[in-house]
Every structure is written in structure tokens, then in C-alpha cells.
Amino acid sequence: MADTEKKTEAALLKEKLAAKKPSGALSLDGETIAKADEFCEGYKTFMKSSKVEREAVRTAEKLALDNGFVKYEQGAQYKPGDRVYVVNRGKNIGLAVIGKNGTKNGVRLVIAHIDSPRLDLKPNPVYEAADLALFKTHYYGGIKKYQWTAIPLALHGRIVRLDGECIDVCVGEDEGDPCFVVSDLLPHLDREQATKPMAKAIAGENLNVLIGSRPFNQDKESEQVKLNILNILFEKYGITESDFLSAELDLVPAFPPRDIGFDRSLIGAYGHDDKVCAYPGVMAAIEAKEPDSTVITFLCDKEEIGSDGNTGMQSTFLNTFIEDLAEADGMKLRHVLARSMCLSADVNAAFDPTYASAFEERNSSYLNGGVIITKYTGAGGKYDTSDASAEYMGRIRRMLEDKKILWQTGELGKVDGGGGGTIAKYVANYNVDVVDLGVPVLSMHAPFEVVTKVDVYMAYLAFAAFFEM
Ligand code: MN
Ligand code: MN
């Protein structure tokens, strides 16, 4: 009390009226930080086996099965507390826990994406030049191309042979595996390249991946190095060159997630965007026991290239599943959607002191500041976005405050500095209340992105609290 008496009138008024700056990790006790560290051990394990969407679906499915979820059966009757999951084409998974009220008051949706920027193989990828064998690639999502040269790359994906056999490929992750690399020009000879703008220094067509250098034998045949690679692939997978046409093969950084910093407070990994929201979403669904309304964590694909296609959020897959749940309750889909609430669980750019001028510091998210609520994304005057309503922002803010979850709000960088989008606008178009809520990330879309353990844990707490709404 003595302290208060000393405060000036202005200081007291400020205390009452001015917004308090979030205190970040300073406000957390040792116990919470220890819980965050422990939660992130699970996250790192998830990341190791989830670099591309098919793998993330398989990892999430295993977690679901280990925690009492069963495959959803259309037409079956479910009771509160039942746990079901659906998989779409191996690239989406939805985990649902049936609520006491089922879908009558809408559903609670946490939607994260499990695709991340990378280099995809072209349909005719293999070629030989200067006695080297290489892959042609077509990059997927927004990358800074120079970041993808001269780093170890692993090959992930699936090949479907002409005989219909599906072959899953993962080369470059085990220590004994070979890996692959995109070459770059040495600094001694880059005088022309070095004068180009950054976006043009590495051409998309130059993201060619080195895959071999030895000839098959000493016969006088052309393209012996390429032939040798085709032979190795035939012996290992039974595939021929034309089987690349029916394949989805992606090159991703070959390194595993690692703790960052002497204090181990951060995690560096490929694909935090958006597995860093997917994993907490899955864990929140697993922890949901008997929620009031049915809760669904949905992991989607193709977000990084516009959410198009039958595994992107513009597909009707999720709505069809919700419709099935609605019909079982004697409800119509449109009425369920109108009463539903969604967290578009996606990352935002954390303020980077090294690139401070790209941000507006009063409206940025900060590492260790907790989950970031992004009211709208878009670009060019809020174009191409869902701008969450004041009412919905109010509900989510109240939820976070009630549960004492560390949270912050911000935009994606400064006005007209660039822009971006999430799946929020597609969900909003179905007449669902939605806002972006996720983890702040440093070096977003780089081969090695950075998050803090505290922020990852706060995402989990936020999704778990949301599932109780
Ligand atoms: Mn994202
Ligand atoms: Mn992204």
C-alpha cells in the first residue's frame, strides 16, 4: 500500500487506462517453463518423422491410434467422449472428439497446415550434364532461392509405378544415408551474380540437385552417369525413368530439429510453419476428454501454394465430414457452420531486431511473447484476408486472459512491406467465425526456422482452452 500512496495521479491513471505491454516469458514461473521444455521434446520427435504432409499425417495418425481414436465410420452413431479420425488421400487428417452437445452449438475447429516450402521434382527430373547426374526441380511455396543452395537435402515422397505399386521414399535422413545438394557459384567467380538483386541471383531453373557422378560401366554409350543412377533406382525401388511422372517427390533440408542457444530456449527446424501449430493442435485434441461441443483438429495441405486442390482448405473434405457429424445429430451443415468457431492455427513473423525496419514494433509479435493473434493478414490495404470481427476477437481474448495464457497480437510486418495469407479466409467463407492464432517464428520459410519452446507450449494451452469453449 505504501507504494501506491507514492504514485502520482498520472501514474495511477496510466495504470488504469493504458494497455499493458505483455511481459513475455518474464511472467512465467519455473514450473511452466519446465512443462514447455517437456512438451517440446514431443514436438521435436513429431518433427523428425513429419517433414512432408504424408509423413505428418502418418505420425499424427499413430498418435491418434495410441490415444484411443478410431477411424470414423460414416453412418455410425457416436456418443459424447468418442474419439474418431478421418484421413483424406493421405495428406489431411482430422481428429474429432464428440462433445456433450455434439454439433448442436457448432463445432470447435483448430486447423493447421502440414505442407512447408521445399523443392519438388519435375515430372521429367533426371538428366546428365558434364558427366554429372542431376534432378530438375520446381520450387513449392515462397522460398528465398539462395537459401536452398549448398545445404544437405533429403528426398521424401511417393512413387506410383505403372503396375500400381506405391513406393514410399525417404533418403537422406539417417546418418548412413547419402543426401543431395544444389550447387552454388564460388565467390571468386560470382562478380556477375553478386550484382543481381537477391531475388534474381539464383534462378528457379538453376535449383538443380546433384544426385551422382559415376558412369554405369566403360561401354561407349551416352549418358552413362544418368544410366547408373537409373540402375540404382531400379534395383532399390523397381522403378524406371517414366515412373517419375506418377510421383510426388520433395527435397527438404536434411537436418533434424535442434535446440538453439546456450539456454536451449529455442528450437531450430525445417517446417515449423506450420507443424509448430499442427502438433499442439493434435495434442489438444488428444487431451480433450468430453468437451461441450464436438472439437476437431484438422491438418491441411497446400496452404503454401494457395490452398487449392482436393487436399487444400478450398476442398469440401472437411465440410463433408462436419456434415456427416451434423446429420448424425439431426442437424443441417449450414446451421452447424454458422455456430462454429475456428482458430486458423498458423505462424506469424516474430520481430527480428536484425531486420527491425521490416516491422512496426507496436504491432509485431515477439519471441517468448506467447501465441500471436493475427486479426487479419493480406496485403495492399487488407486485401485477400478474413478480418476477424471485434466480437470474435473479444471472445478469444477473454478465453486467453481467463486461462492466463501468454498471448500477444500483431500484424505480419509493416504496412505495404509485403504480405501473406492463411487458410482463415477460406474457413470464413463458410460462415464460420475464425481468427489466426499461432506461434511467432524467426526466419519464416527458411530451411531452418526458429521458434521458442514457451511459445509452442502456449499454442497447446490456447488450443486446449479453445476446445473447452
Ligand atoms: Mn503457415
Ligand atoms: Mn508459410
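Confirm whether ALA390 is aliphatic (A, V, I, L, M), over 30 Å from PRO152 (Cβ atoms) and within 16 Å of ligand 2 (Cβ to nearest atom). Steps first, please.
Details: aliphatic (A, V, I, L, M): yes; over 30 Å from PRO152 (Cβ atoms): yes; within 16 Å of ligand 2 (Cβ to nearest atom): no.
Spelling it out, it is not the case that ALA390 is aliphatic (A, V, I, L, M), over 30 Å from PRO152 (Cβ atoms) and within 16 Å of ligand 2 (Cβ to nearest atom).
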* Picking from LYS21, LYS104, LYS16, which residue would you name as being free of Cβ contacts under 8 Å to residues at least 12 places away in the same chain, surrounded by fewer than 24 Cβ atoms within 10 Å (Cβ to Cβ) and part of a loop (DSSP other than H, G, I, E, B)? -> LYS21
* Name, by its number, the condition in (1) under 30 Å from ALA247 (Cβ atoms); (2) surrounded by 13 or more Cβ atoms within 10 Å (Cβ to Cβ) that does not hold for LYS62. => (2)
* How many residues are open to solvent by less than 40 Å² (accessible area, probe 1.4 Å) and in contact with a helix residue (DSSP H, G or I) (Cβ under 8 Å, 6 or more places away or on another chain) when one looks only at the range 146-160? -> 3
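Inside the range 234-299, counting only strands (runs of 3 or more DSSP E) that do not spill past its ends, which hold 1 or more residues that are more than 30 Å from ASP163 (Cα to Cα) and within 16 Å of ligand 2 (Cβ to nearest atom)? It would help to see each step written out before you state the result.
Values: elements: 247-253, 258-260, 266-269.
Those strands (runs of 3 or more DSSP E) span 247-253, 266-269.
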* Asked: Residue check: is THR297 under 30 Å from ASP82 (Cβ atoms), surrounded by 24 or more Cβ atoms within 10 Å (Cβ to Cβ) and within 16 Å of ligand 1 (Cβ to nearest atom)?
  -> yes
* Asked: Somewhere in the range 275-287, is a residue under 26 Å from the mean Cα position of the chain (by Cα), within 16 Å of ligand 1 (Cβ to nearest atom) and either outside the structural domain of ALA446 (by TED's automatic domain parsing) or of a type in the set (Ser, Thr, Tyr) (or both)?
  -> yes
* To do: Might you check whether a residue that is within 16 Å of ligand 2 (Cβ to nearest atom), open to solvent by less than 30 Å² (accessible area, probe 1.4 Å) and over 20 Å from ASP436 (Cα atoms) occurs anywhere in the range 301-309?
  => no
* Could you count how many residues in the range 41-81 are under 24 Å from ALA254 (Cβ atoms) and without any contact (Cβ under 8 Å) to a residue 40 or more places away in the chain? -> 6
* Asked: Looking only at residues in the range 383-411 that are outside any helix (DSSP H, G or I), more than 23 Å from the chain's Cα centre (by Cα) and of a type in the set (D, E, K, R), which one is farthest from SER340 (Cα to Cα)?
  -> LYS404
* **Verdict on THR311 being of a type in the set (S, T, N, Q) and in contact (Cβ under 8 Å) with a residue 12 or more places away in the chain** => yes
* Asked: From ILE167, ILE211, ILE202, which residue is over 18 Å from ILE151 (Cβ atoms) and among the β-branched types (Val, Ile, Thr)?
  -> ILE167
* Residue pairs meeting the criteria (Cβ under 9 Å; at least 6 apart or on separate chains; first touching a residue at least 60 places away in the same chain (Cβ under 8 Å), in the range 382-397; second β-branched (Val, Ile, Thr)) -> ILE396/ILE373; ILE396/VAL435
* To do: Mind listing whichever residues of the range 112-165 are in a strand (DSSP E or B) and within 16 Å of ligand 2 (Cβ to nearest atom)?
  => ALA112, HIS113, ARG118, LEU119, ASP120, TYR139, TYR140
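I'd like to know if the range 356-375 contains one or more residues that are of a type in the set (Ser, Thr, Tyr), open to solvent by less than 60 Å² (accessible area, probe 1.4 Å), assigned to a helix (DSSP H, G or I) and touching a residue at least 12 places away in the same chain (Cβ under 8 Å).
Filtering the range 356-375 for residues of a type in the set (Ser, Thr, Tyr) gives 357, 364-366, 374.
Within this subset, residues satisfying the condition of being open to solvent by less than 60 Å² (accessible area, probe 1.4 Å) are 364-365, 374.
Right, trim to assigned to a helix (DSSP H, G or I) and you get none.
No, the range 356-375 has no match at all.
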* Across the range 448-460, what is the number of residues that are open to solvent by 10 Å² or more (accessible area, probe 1.4 Å) and within 15 Å of ligand 2 (Cβ to nearest atom)? -> 2
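Condition check ((1) touching a strand residue (DSSP E or B) at 6+ places or on another chain (Cβ under 8 Å); (2) within 16 Å of ligand 2 (Cβ to nearest atom); (3) aliphatic (A, V, I, L, M)) across all residues:
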{"residue": "GLN408", "(1), (2), (3)": "yes, no, no"}
{"residue": "GLY413", "(1), (2), (3)": "yes, yes, no"}
{"residue": "ALA424", "(1), (2), (3)": "yes, yes, yes"}
{"residue": "TYR430", "(1), (2), (3)": "no, no, no"}
{"residue": "VAL435", "(1), (2), (3)": "yes, no, yes"}
{"residue": "VAL439", "(1), (2), (3)": "yes, yes, yes"}
{"residue": "ALA446", "(1), (2), (3)": "no, yes, yes"}
* Structure fact -> Of the residues in the range 161-184, those that are loosely packed, with under 15 Cβ neighbours inside 10 Å and closer than 22 Å to SER50 by Cα come to CYS166, ASP168, ASP174, GLU175, GLY176, ASP177, PRO178
* Tell me, yes or no, whether the range 205-215 has at least one residue that is open to solvent by 90 Å² or more (accessible area, probe 1.4 Å), in a loop (DSSP other than H, G, I, E, B) and either out of contact with any His (no Cβ under 9 Å at 6 or more places or on another chain) or closer than 14 Å to PHE135 by Cβ (or both). => yes
* To do: Look through the range 412-435, keep the residues that are among the aliphatic types (A, V, I, L, M) and either within 16 Å of ligand 1 (Cβ to nearest atom) or assigned to a strand (DSSP E or B) (or both), and return whichever of them is surrounded by the most Cβ atoms within 10 Å (Cβ to Cβ).
  => ALA424
* To do: Please enumerate the residues belonging to the range 28-55 that are modelled with pLDDT of 95 or more and in a loop (DSSP other than H, G, I, E, B).
  => SER49, SER50, LYS51, VAL52
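The values are calculated or read from the model by the stated rules, or taken from the named source; none is laboratory data. Just so we're clear, the structure is a prediction, and the values are computed from it rather than from any experiment. All Cβ positions, even for glycine, are placed from backbone atoms using ideal geometry, and neighbour counts span all protein chains on display. For the accessible areas, the whole protein counts, side chains as well, though only heavy atoms, and no ligand, DNA or RNA atoms are used. Shrake-Rupley method; radii C 1.70, N 1.55, O 1.52, S 1.80 Å.
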